[in-house]
Amino acid sequence: MSVRAIVLAAGKGTRMRSDRSKVVFPVAGRPIIWWVAAAVMDAGVDEVIVVVGHGGEDVEAALPDGVMTVVQDQQLGTAHAATTALAAMGDTSDDTVLVIPGDSPLITADTLRNLLAEHADGDARCTLLTAVAPDPTGYGRVIRVGDRVRGIVEEDDADEAQREIQEVAVSTYVFEGAGLVETLADIGNDNEQGEYYLPDAIAAMASEGGVAAVAGADPQEVQGVNTHEQLAAADAAMRRRINAEWMEAGVWMQDPASVYVDASVRLTAGVRLYSGTHLEGDTSVGSDSEIGPNTVVRDSQIGSGCKVWFSVVRGAEIADGVEIGPYASLRPGTLMADSTKVGTFVEIKATSLGKGSKVPHLSYIGDASIGEGSNIGAGTITCNYDGFKKHRTVIGDRVFIGSDTMLVAPVEIGDDAYTGAGSVITKDVAEGALAVERSSQKELPGYAERRARLAESEGE
Amino acid sequence: MSVRAIVLAAGKGTRMRSDRSKVVFPVAGRPIIWWVAAAVMDAGVDEVIVVVGHGGEDVEAALPDGVMTVVQDQQLGTAHAATTALAAMGDTSDDTVLVIPGDSPLITADTLRNLLAEHADGDARCTLLTAVAPDPTGYGRVIRVGDRVRGIVEEDDADEAQREIQEVAVSTYVFEGAGLVETLADIGNDNEQGEYYLPDAIAAMASEGGVAAVAGADPQEVQGVNTHEQLAAADAAMRRRINAEWMEAGVWMQDPASVYVDASVRLTAGVRLYSGTHLEGDTSVGSDSEIGPNTVVRDSQIGSGCKVWFSVVRGAEIADGVEIGPYASLRPGTLMADSTKVGTFVEIKATSLGKGSKVPHLSYIGDASIGEGSNIGAGTITCNYDGFKKHRTVIGDRVFIGSDTMLVAPVEIGDDAYTGAGSVITKDVAEGALAVERSSQKELPGYAERRARLAESEGE
Amino acid sequence: MSVRAIVLAAGKGTRMRSDRSKVVFPVAGRPIIWWVAAAVMDAGVDEVIVVVGHGGEDVEAALPDGVMTVVQDQQLGTAHAATTALAAMGDTSDDTVLVIPGDSPLITADTLRNLLAEHADGDARCTLLTAVAPDPTGYGRVIRVGDRVRGIVEEDDADEAQREIQEVAVSTYVFEGAGLVETLADIGNDNEQGEYYLPDAIAAMASEGGVAAVAGADPQEVQGVNTHEQLAAADAAMRRRINAEWMEAGVWMQDPASVYVDASVRLTAGVRLYSGTHLEGDTSVGSDSEIGPNTVVRDSQIGSGCKVWFSVVRGAEIADGVEIGPYASLRPGTLMADSTKVGTFVEIKATSLGKGSKVPHLSYIGDASIGEGSNIGAGTITCNYDGFKKHRTVIGDRVFIGSDTMLVAPVEIGDDAYTGAGSVITKDVAEGALAVERSSQKELPGYAERRARLAESEGE
C-alpha cells in the first residue's frame, strides 16, 4: 500500500496570454509546478505523476527529479486527466491517490501531510481538502451532514443559505484507489464543454456517504494562478514566506518587501540585505556580509564580511572581506580571494584576483589572472580579443599597473613590475621592471589665443 | 441639447506647499487635471471648461486638447466658479451641466457616464454623485427621503443618527441647465469666508424636492488630492490600475508595487518587467522583451526579444534582439538595429548602430554612425567636441576598433578597417587598413628595486 | 521633585541571532535604544538611565548625549534591573520614576508626556501605560475595578472572560519614588527562571488599590522588537512616519514605500524624491532638487535646483543647479560649485569643481582642484597614486582637458590651457598652451586581407 499523487497541469491558462503553460511561470525563481511537485513529494508521497497537455515539454523540464509525466493529448476535463494518469500508474487498487492541481505554488507539505493523515485515519472513499474563505464568492461550497460531505454546490447553483457557507472546495482530493477507476469511468460529459469533471466523481461518492473533508488550508495557500496578477500575488506571498524564514534565522533586511531571494539561495545569520537586492539561483552569502541596495547576485558564492552594493554579480566566487561596487559588473569565472576589491565602473570576466589585489576604477579585466597585492590603475583594459580569438593576460604579485594601461593579450607582467600610465603593453614585462610606451610631452604656447582668433574669423 | 462640463480647478492647494496649482502634480506621468478632464471627455460630454485661478497657465498647459479654460480671478467659492464658467458657456438652458472637482484623478468615465445616464432617466433638477464610505467622518452626509435627497449635512452640523450615515456627497453634480444660473445667483455668501458655495444651491433645490442621488462611486475614486500623501496614494492606486490592465494583457511583472508605467506607454503580451522599472512618456516595448531591474526607459521604442537592465534609456529607437546594460546610458538620437549590443559602462548619444554591431564596455560614443557587424573596443571614445563645436564620427561595416581608441571627429573609418589599441585617430582610415598611433614599448629593468631604495631614503 | 526614567535594555534578544544587543539595531538610521531614550528625554524627563547587560558598550555607544547607563551584570529580571538603576540614582523618594523597555523604537514623547501628566494628576502609587489591542492574544490583560487596576492577568492564567479584554499592559510604568525601592525589595523570585519581575511589584501595589492605568498607546507604538521581522516592521512604520512628516512639509515622493530617509536628514518644500532613494546621516537637500531613482546620498549637503539620479553620493558639498548622474559616484571631499556637472560613469574624490565646470563621462578625478568653466573630456584620469603616495592635480579656469588625458600628479594645468586627446601629461602646462603627448598616426593598408589570409592558414 503506497501513496501516489496525480498533479493536474494540462491546462494552458489562456489568461496568461502566453504560448507557455501557466505552470512554468516562476515564483521565487522556481516554476509553479516545481513548487507543487516538491510539496507533494515532501508530504511523503511515494510516486508523483504530472498530467501535462499536448506539447508539455516545458512543464516536464520544470519538474524536480523523480517526477514522471503523462500526456493528456486532448483537453477532455479533469476526470479524464486523472483517468489518463491512473492508466499510466497501473494497479492502484491497494493505494491511496492524491489528486491536486498544478497551479497552486503556495500549497505546503504540511497541509498535504495533514490531509493524507486525516484520510488514513478515517474510512471515507474520498477526503476533500477545503478552505474557509472570508469571501467565498465564486467557489464551490461544501455541504456537510455531520462529518460527511453531502456535496459541493457551485456558486450558480447555490441557494441563499448555501451561499453563506464559507467552507469551499479547492480541487484537492485523496481517494482510496479501489474503485476509483470505475467511478471515474461512470461519470459522463453531458455538459456544455463536453468534458469529464472530477467533481462529478466526488458527487457520486458523496451521494453514497463516502466523502469526508478536512478544512485545513489557508485560502491563500490553495489559490490557483490563472492570471499575471495572481502570479505576482503568489510571488509576493512566497517572498514573504522565504524572507520571514531568513529573518528568523538572523538575516537583517532593510525592507523585506523589496528583497528578492530565490528559494535556492543559502544565507547565514548576520547577513544584511538592503532594498532592491536580488539573490538568484545557486547563490550563498556568508555571515556579516552586506548586499545591496540595488544589486543582483546570481549563481555566486560570497564569503563573510563582504560588501557588495549597486552591482551585478554573476557566476563569481568571492572569498572573505571583499568589497564590490558601487557600479561593478562581475561576470562568470570571476574569482576574488580574501580582501580583494573591485570598485566603481569595473567589469571583470573569467579572471582571478589574488589576495589583497584591487581594481578600483573604470577597468575592464577579462581572461586574466592577477597575483596577490597588485593594484590595477583606473582605465586599465585587457585587450583580450583580437577580432578572432580571446587571449589571456597574466599579472604577477605586487604589480602596479599604471592608469589607462592597455594590456594586449597574450601578455605577462612579472612580479613587482610597473607599467607607466597610458601605455600600450604588447610585450611581456620582466619582474621588477617598469614598462612604458609613451612619446614626450610637447607644448604649443598661446594655443588658446590662436583658437579664439580662428573661431572669431570663422564666425563661431 | 448637449452635455457640458465644468471642472473646478481654481484652488491652489496650500497643503502642497508649492507655488504651482495642486492639480498639475503628476499621477502616473500625467497631471491630476488631465486625468479628470480626460474622464469627463470620455464620458461623452460635448464641451469641457476648466475654471482656473489667477495665474492658471500651469493648469492650462496640463490639459488635453479640446478643453477650454476660464479664469476665476477672485477666490469667491465654488458657486462663483460655476457661475463664471456658465457665463463663458453662453446659453445652457437646454443643456445638462456636469460640475466636478479637478483634483480627483482616479474618477472614471464609467462612473460619470452612469451618473449622466441616471440623471437623464430621472426628472430631478440635480443629481448628486455619492459614495458609500466605510468611515464617513469629515464628509457631508446625504439625507434621503425616498429616492430624493433632502439635504447634505456637514460633519459639524450632523446629529448622532446622521453621523451614522455612510453615504456621502463627493462634490460632483449634474444639473438641468434651465434655471441653474438663477439658482446660483440667489445664494448668498453669509459665511465666515464670505464665499459662494455650490452646496447652498443644492440645498435650495433639495428643499423643493429637486435633487436625486446616485451612489455610484468607489470612495477611492473620488478622493481629492490635497496633500502630498494623498498624491502618493493616488499615484499608487493609478499604478495598480495600469499594472492590472497590462498584466491582464499578458505582461509579467516581478513586483507590480515597484513597477512604474506611465499612462502613455504601450506594452505587448510577453513583456517582462522587473522591479524598479520606470517606463515613461512615449515609450513602447515589443513582445518577449525584458526590462529591468532598476531601469528607466523614457520616450523610446523598444522592439521584440530585447534585454535592457540596470540602464537609463532616453529618446532611443531599439530594434529586435538588442542587449543593453547592465549600466548603460542611452541618450536621445540613439538608433540600435537588430542584434546590436551596448554593454557595461557605455554611453551612447545621437548615434546609429548597424545590425550586429557591439559596444561592449566603457565607451562614450556620441554623434556617430556605425555600420553593420562592427566591434568597438573597450575604452573607445568619440572626441566629438573640440571646445567649440560637435563633430561626427563615421565608422563602416565590419570595423574593429581597438581598445582605448580616441576617434577625434570629424573622422571616418572605412569598412573592414582596424585601429590599434590606445591609438588617437585624427585622420580618416582607409577600407581594410590598420591605423595605429603608438610609440615603442621601453623597459627599465630593476625599477621596483630603485623605487624601493628611493622610498626608503625619503623615509616613506 | 523631579522625573527620572529607567530604560530597560539588558536583554540580548536571542531571536536576532546576533552577538550585539537587539536594541542597537537601526531603525531609520538610528539605534532602537536611541529612539526610546530620545522620546523619554523629549517627554520632559530630568534624568535618564539605561540599564545595560554585561558587555553593554554597544548600547552605551548608541545613546544620545546626556543619557547615563548602569550595568546589570547578571540577568536577574526586570525588577532587579530597576533596583540596580534605582541604586545608581540615589534618593528618589521625592521623585516620579518612569520605567520603560528599551526595545520599542516607535514610542512617542506625546504618549509618555500624557502618561506622566495623568500620573501627576492622580494619586496612584503607579500608573500603567496600556494599549487597546484588536487582537490581545499573548499579552497581559488589564483587570480594572472602577478607575483602578486590580491586576494584570497573563494569557495562560486568564479565564475566558478575561481573554476577551482588549486592554493590555505594555511594560511601561510610572511610579511614585517613595516606597518603590522597598516594594521591589519585597518581591520574590519564586518562578521557573529564578528572576525578579516588575509585574510582581505592580501586583503588590494593585492589591492595595494603588495602581491606575492610562489607555493611551497605539499598539504599534509599544511593539517591542524581538525578531528581525519585527525590526523590519518597526523600520517601515518609522519610515511611514518620517515620510508623512516630509510630505506634509511639501516634499514630493514618487512612492513613499520605497523612499528611505534617515531621521537625521533635513529636507525642504519642493524637493522631489523618486523611488529607491536613500538619504542617510547628516544630509540636507534644498528646494526644487530632485533625487533618485536608485540613489544613495549620505552625509552630504545638496543645494537647490539640483538633479541627482542613479548615483551614490557620500560626504559631498553640492551647491545649486548641479547635475549628477546617471551613474556617478561622489566620494568624501567632493565640492561642486553652482551649475557644475558630473555625468555618466564618473567618480570624484577629494576634489573641488569651480562654477560651471563639467566632468561629463567616464572619468576618475581624485585629489584635484578644478577652476571655473573647465571641461574635462571623457576618459580623463588623475593618476593620483604612484604606488606610495597620493598627489594633487590642479586645473585652472576655462581649461579644456581632451578625452583620455592622463594627468600624472603632481601636475598643474594653467588657465585656458588645452590637452590633446590621449595624452599623458606629466609636466605642468602653461596658461593658454596646448599640451600633447602623441606619436603620429601610421596606416598599414590591406591589413584586413592579410589577417583573413593568416586566420585561414591557421585554420581559424
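The values are calculated or read from the model by the stated rules, or taken from the named source; none is laboratory data. Quantities reported herein were computed from a predicted structural model and do not represent experimental measurements. Positions of Cβ are generated from backbone atoms using ideal geometry, with glycine treated the same way; all protein chains shown enter the neighbour counts. The protein model used for the area step is the full one, side chains on, heavy atoms only, and it has no ligands, DNA or RNA in it. Shrake-Rupley method; radii C 1.70, N 1.55, O 1.52, S 1.80 Å.
Below, the figures for the structure above:
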{"item": "Largest to smallest principal axis extent of the C-alpha atoms in segment A:3-217, angstrom", "result": "44, 39, 35"}
{"item": "Kirkwood-Stokes translational diffusion coefficient of segment C:50-160, alpha-carbon pairs, 25 °C, 0.890 mPa s, µm²/s", "result": "147 µm²/s"}
{"item": "Alpha carbon centroid spacing (whole Å) that separates segment B:223-300 from segment C:325-355", "result": "32 Å"}
{"item": "Distant-in-sequence amide H partners of residue A:264 (H built 1.01 Å from N, under 5 Å)", "result": "A:281"}
{"item": "Contact order relative to length of segment C:228-435, as percent, for alpha carbon pairs under 8 angstrom and 6 or more apart", "result": "9 percent"}
{"item": "Phi to ³J(HN,Hα) by Karplus 6.51 cos²θ - 1.76 cosθ + 1.60 over segment B:23-29, Hz, x for Gly, Pro", "result": "7, 9, 5, x, 10, 6, x"}
{"item": "Taking only Cα atoms of segment B:228-435, radius of gyration then Dmax in Å", "result": "18.9, 64"}
{"item": "Share, in percent, of DSSP beta bridges within the protein assembly as shown that are antiparallel, nearest 5", "result": "20 percent"}
{"item": "Within segment C:304-408, chymotrypsin sites (Phe, Trp or Tyr not before Pro) in DSSP loop having at most 16 other beta-carbon neighbours inside 10 Å", "result": "C:388"}
{"item": "Accessible-area value, residue C:416, 1.4 Å probe, nucleic acids and ligands omitted, Å²", "result": "50 Å²"}
{"item": "Distance cut-off 59 Å, percentage of C-alpha pairs in the protein assembly as shown lying past it", "result": "30 percent"}
{"item": "Cα gyration tensor shape of segment B:19-95, rounded if a/c is under 1.5, else prolate or oblate by comparing a/b with b/c", "result": "oblate"}
{"item": "Length-normalised contact order of chain A in % [C-alpha pairs under 8 Å, at least 6 apart]", "result": "8 percent"}
{"item": "Dipole-positive endmost among C:311, A:417, B:340 within the protein assembly as shown (Cβ charges, Cα centre)", "result": "A:417"}
{"item": "With DNA, RNA and ligands ignored, accessible area of residue B:318 (1.4 Å probe; Å², nearest 10)", "result": "10 Å²"}
{"item": "At 1.306 mPa s and 10 °C, Stokes diffusion of segment B:208-247 via Kirkwood alpha-carbon radius, µm² per second", "result": "129 µm²/s"}
{"item": "Top positive-direction residue, dipole computed over chain C with Cβ charges, set C:214, C:376, C:119", "result": "C:376"}
{"item": "Approximate shape of segment A:286-395 as ellipsoid semi-axes (Cα gyration tensor, √5λ), whole Å, largest first", "result": "22, 14, 12"}
{"item": "Helix-only [θ]222 nm of chain A, DSSP H runs n ≥ 4, -39500 (n - 2.57) each, per residue, nearest 500", "result": "-6000 deg cm²/dmol"}
{"item": "Residue list for segment C:98-136, given a label point 7 angstrom along the Cα-to-Cβ vector of residue C:182 and an amide N cut-off under 16 Å", "result": "C:125-126"}
{"item": "Rounded FRET efficiency, nearest 0.05, which uses the C-beta distance separating residue A:272 from residue A:244 and R0 of 25 Å", "result": "0.90"}
{"item": "Debye, to nearest 20: dipole size of segment B:3-217, +1 on Lys, Arg Cβ, -1 on Asp, Glu Cβ", "result": "620 debye"}
{"item": "Cα→Cβ-extended label distance, 7 Å offset, between residue C:457 and residue A:148, nm", "result": "9.4 nm"}
{"item": "Förster radius 30 Å - calculated FRET efficiency between residue C:427 and residue B:392 (Cβ-Cβ, nearest 0.05)", "result": "0.35"}
{"item": "Per-residue ³J(HN,Hα) for segment A:268-279, Karplus 6.51 cos²θ - 1.76 cosθ + 1.60, θ = phi - 60°, Hz, x for Gly and Pro", "result": "9, 3, x, 5, 10, 10, 8, 5, x, 9, 10, 10"}
{"item": "Residues of segment A:236-254 with amide N under 16 Å of a point placed 7 Å along Cα→Cβ from residue C:20", "result": "A:250-254"}
{"item": "Cβ charges +1 (Lys, Arg) and -1 (Asp, Glu), total dipole of chain A, debye", "result": "2280 debye"}
{"item": "Calculated SAXS-style log₁₀ I(q)/I(0) at q = 0.08, 0.09, 0.11 Å⁻¹ - chain A, Debye, Cα scatterers", "result": "-0.64, -0.73, -0.90"}
{"item": "Sparse-neighbourhood loop sites, GluC sites (Glu not before Pro) in segment B:107-181 - DSSP loop, at most 14 other Cβ within 10 angstrom", "result": "B:154, B:164"}
{"item": "The protein assembly as shown - charge dipole about Cα centre, Lys and Arg +1 at Cβ, Asp and Glu -1, debye rounded to 20", "result": "5840 debye"}
